[in-house]
């Protein structure tokens, strides 16, 4: 693998810094997130430069752009702690969580209202059944007892003479 020249490295660092500003301003590519993978894609560099490497003897050495990756992650954390969410997907997740909480509240209110209406319906039905039973009892009493006399209906259906109506 060829080594980077200082010219290539400085050009890549400039591209990474520009990509950091672009991403932190909320200008993400479709499907991108606020992460190193998207940063590398926007800057046009490989991701491997953001991570530490090992020398042949096993000792760690920093990646070519590891300092920029650390700066990027630090700035993302600062923005998130300040309440400025730079990842639109995170904003969508927060919006969906709030919407879910509102829907749960509405569902609980609806369930309480439904329970109240069910109780009212049962009370109304039992009262109607009692009234119906009373009406049936009175009708039966009329037909059984025959002590109640049915008055003849007037032909003209007018009020009797001297009536107050």
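The values are calculated or read from the model by the stated rules, or taken from the named source; none is laboratory data. Everything quoted here is computed from the prediction, not taken from an experiment. Cβ sites come from the backbone with ideal geometry, for glycine too, and all protein chains shown count toward neighbours.
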Just one of 102, 90 is in contact (Cβ under 8 Å) with a residue 24 or more places away in the chain and in a helix (DSSP H, G or I); which is it? 90
Among the residues of the stretch 45-60, is any surrounded by 11 or more Cβ atoms within 10 Å (Cβ to Cβ) and under 33 Å from the mean Cα position of the chain (by Cα)? no
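Residue by residue, here is whether (1) in contact with a helix residue (DSSP H, G or I) (Cβ under 6 Å, 6 or more places away or on another chain); (2) surrounded by 13 or more Cβ atoms within 10 Å (Cβ to Cβ) holds:
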| residue | (1), (2) |
| --- | --- |
| 34 | yes, yes |
| 38 | no, yes |
| 41 | no, yes |
| 64 | yes, yes |
| 103 | no, no |
| 128 | no, no |
| 140 | no, no |
Can we say residue 75 is closer than 30 Å to residue 48 by Cα, at pLDDT below 75 and assigned to a helix (DSSP H, G or I)? no
Keeping to the stretch 29-55, report how many residues are closer than 13 Å to residue 87 by Cα and assigned to a helix (DSSP H, G or I). 3
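Going through 58, 63, 83, 26 one at a time, which residue ends up being touching a strand residue (DSSP E or B) at 6+ places or on another chain (Cβ under 8 Å) and part of a loop (DSSP other than H, G, I, E, B)?
Step by step, each of 58, 63, 83, 26 is checked, and only 63 is touching a strand residue (DSSP E or B) at 6+ places or on another chain (Cβ under 8 Å) and part of a loop (DSSP other than H, G, I, E, B).
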Does the stretch 141-157 include one or more residues that are farther than 30 Å from residue 80 by Cβ, over 57 Å from the mean Cα position of the chain (by Cα), modelled with pLDDT under 75 and not in a loop (DSSP other than H, G, I, E, B)? yes
